[in-house]
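What follows is a set of notes on a single structure, which appears directly below.
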């Protein structure tokens, strides 16, 4: 249970954060993902799903900063960038984590990307919140205690888990197993609902999704199996026809 001093510090942080957030919104220091970034991310895939879908989905990004912060840099074109590993106040004063943070400070660690634009400005891409925040403002809001920082050159020296794919090949058969879960996450999306909906529809059209599902069903039926669907359309299991008495 939080003591009175903890609550006082937490409330002070949130009041200060909200004031800075409102200031940033009024002065165009806080932005949202734009069409140019989304278009660039659409070219890259993590597995069989475009980054434009992954990074617009709160469900697929929140709590996954270790991968998503690097994912978003695929949309930075030729701009310089850094990946920053730091402790931030947004996690330190998150009521959900405050008690645990006292014994496990690593729970307050966060990875975010800094994009250095040609005009000399630097913007923080926080994939957990889905916001782009001017660096000085972000540092006032979150007071990051930097643990490490990787330059673009250093990041690009490692293999990129995200690939530009001209063809998905047989990997396309994974899509019907993943897409229902992604579409379910759309129901909980707030900030990027329309953008995510558009990207899902575009992707489904690109891969001829309905035909793909029919083709997958036929492949399983030919092997003596049928696909078991949950109410939300998610494929939950494969069942042998013989075991279910279906022939």
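The values are calculated or read from the model by the stated rules, or taken from the named source; none is laboratory data. What you are looking at is a predicted structure, and each value in this text was computed from that prediction instead of being measured. Every residue, glycine as well, gets a Cβ built from its backbone with ideal geometry; the counts of neighbours run over all protein chains shown.
Does at least one position in the stretch 25-32 carry a residue that is closer than 24 Å to residue 183 by Cβ, at pLDDT 95 or above and not assigned by TED's automatic domain parsing to the domain that holds residue 184? Yes, the stretch 25-32 has at least one match.
The criterion of being within 20 Å of residue 90 (Cβ to Cβ) and surrounded by fewer than 19 Cβ atoms within 10 Å (Cβ to Cβ) holds for residue 63.
Considering only the stretch 1-102, give the helices (runs of 4 or more DSSP H) lying wholly within it that have at least 3 residues that are over 24 Å from residue 145 (Cβ atoms). Can you show your working first?
Working: elements: 4-26, 35-41, 51-56, 58-61, 65-72, 89-92.
So the answer is 4-26, 35-41, 51-56, 58-61.
Just to be sure, is residue 16 farther than 30 Å from residue 174 by Cα and either crowded, with 19+ Cβ neighbours inside 10 Å or not assigned by TED's automatic domain parsing to the domain that holds residue 190 (or both)? Taking the combined requirement at face value, the residue satisfies it. The set of residues in the stretch 66-89 being under 13 Å from the mean Cα position of the chain (by Cα), under 21 Å from residue 106 (Cβ atoms) and crowded, with 19+ Cβ neighbours inside 10 Å consists of 68, 69, 70.
Of the helices (runs of 4 or more DSSP H) lying entirely inside the stretch 115-211, those containing at least 2 residues that are more than 25 Å from residue 58 (Cβ to Cβ) span 152-156.
Return yes or no: is residue 174 farther than 15 Å from residue 115 by Cβ, surrounded by 15 or more Cβ atoms within 10 Å (Cβ to Cβ) and at pLDDT below 95? No; evaluated as a whole, the condition is false for this residue. Within the stretch 152-166, how many residues turn out to be surrounded by 10 or more Cβ atoms within 10 Å (Cβ to Cβ) and either farther than 12 Å from residue 46 by Cβ or in contact with a strand residue (DSSP E or B) (Cβ under 7 Å, 6 or more places away or on another chain) (or both)? So the count comes out to 8. Here residue 146 fulfils each of the conditions (1) in the same structural domain as residue 16 (by TED's automatic domain parsing); (2) within 21 Å of the chain's Cα centre (by Cα); (3) in contact (Cβ under 8 Å) with a residue 24 or more places away in the chain apart from (2).
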